[in-house]
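K.L.:
This is the structure, below, for whatever I ask next.
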Amino acid sequence: MSKAKYTSIGGQALIEGILMKSPEKTALCVRTPDGGIDTSFMEEKRLTQKCKIFGWPIIRGVIGFAESLIQGYKALMISADKSGFTDLEEEKEKTEKDEKKESRFLNIIMMVGLVLGLALAVILFMYLPYWCVSGIEWLCDTTIKSKILRSGIEQLIKLVIFVGYVWLVSFMKDIKRVFMYHGAEHKTIFCYEKGLELNVENVRQQKRFHPRCGTSFMILMILISVIFSTVVQMIYPPIYDFGWIWVITKILMVPFICGVGYEVLKACGRYDNFLTRIISAPGMWLQRLTTKEPEDDMIEIAIAALKACEPKIPDVERNDDNI
């Protein structure tokens, strides 16, 4: 009988590829234009390994989230090049001077994109819900006195915006393929956790919804923010009357929400019981949008990525019925 195991291996769907990350290394596998599989490794300098305090609960979630965003963006750019999404041959013909100039230009573009992205996120997920609640109060000519109700309405609006955005982009052809690779990543991790041989047939039979998915993390952050927002409003009720102060307060709460969300998601991935299933349910449902059934060649990429980063000793072994 095969031994099932808990693992902290996680991944990210890329452009025609998958990134798999274990405690030991991070592997990146991409389908090249000639049909082959390009495997490379990303060097990591994890802050949690440099300073013990960064490995503490809550704090490690904030650090890990920031590092994942940076690493994920780099991996996405690498996959775009190796898959032929960008014209790599033209890049090779450029002189070193031209490459340096282009590198600076790309860095500027990335910074501008990051700033605009953060500004859009603040408007959509911080200001817009606040304005909507204020609009409801104005239309109904009343004031919502319940702090829980007010926070609930704000977070519901935020959730609708997030789900609506994901639903709309899922119709894009390139994004749909990324979501298919996302499904391949989840299925492969499930196959590995069950202790089964990593082959296309075994992987294809697995579920594509995983409790440790980043999609679940985003939903958890929204739900946890309801609790944080309510507590802050109960401690200092007038804060909601000052829109910009309330928005800044919510921005300052993001690291704490992120840290708590990480710990909750980690627990849901490690334990399978009634409580963790309830907590995981919203994120698992949303994965119906962010994951699609993969093709066999996508599963091959996921298997190659997991094998490349597989730790020599599994994190923890446990019985099949505990998965």
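The values are calculated or read from the model by the stated rules, or taken from the named source; none is laboratory data. Keep in mind that what you see is a predicted model, and the values were worked out from it rather than measured. No Cβ is skipped: glycine too gets one built from the backbone with ideal geometry, and neighbour counts run over all protein chains shown. Surface accessibility is based on the protein's heavy atoms, side chains included, excluding ligands, DNA and RNA. Shrake-Rupley method; radii C 1.70, N 1.55, O 1.52, S 1.80 Å.
K.L.:
Go through L139, V178, G164 and say which Cα lies farthest out towards the positive end of the charge dipole of the stretch 127-247; charges sit on Cβ, +1 for Lys and Arg, -1 for Asp and Glu.
P.N.:
Of the options given, the answer is V178.
K.L.:
I would also like to ask the following. Mind giving me the FRET efficiency for I227 and D81? R0 is 56 Å, r the Cβ-Cβ distance, nearest 0.05 is fine. Could the numbers behind the result be given before it?
P.N.:
Values: r = 42 Å, r/R0 = 0.75.
Efficiency for this residue pair is about 0.85.
K.L.:
Here's something else I'd like to know. Can you bin the stretch 121-212 into rounded, prolate or oblate? Criterion: square roots of the alpha carbon gyration tensor eigenvalues sorted a ≥ b ≥ c, rounded for a/c under 1.5, prolate for a/b above b/c, oblate for the rest. The partial results should precede the final answer.
P.N.:
Numbers: a/c = 5.02, a/b = 2.62, b/c = 1.91.
Prolate.
K.L.:
Using a 1.4 angstrom probe on heavy atoms only, work out the carbon and sulfur share of the accessible area of the stretch 223-306 in %.
P.N.:
Working: 3100 of 4230 Å².
Accessible surface attributable to carbon and sulfur in the stretch 223-306 totals 73 percent.
K.L.:
What net charge is computed for the residues neighbouring A308, neighbours being all others with C-beta under 14 Å from the C-beta of A308, Lys and Arg scored +1, Asp and Glu -1?
P.N.:
Taking every Cβ under 14 Å from that of A308, the sum is -1.
K.L.:
Still on this structure: Please work out the average accessible area per residue across the stretch 163-236, using the 1.4 Å probe convention, and give it in Å². Don't skip to the answer; put the middle values down first.
P.N.:
Values: 3470 Å² over 74 residues.
Result: 47 Å² of accessible area for each residue.
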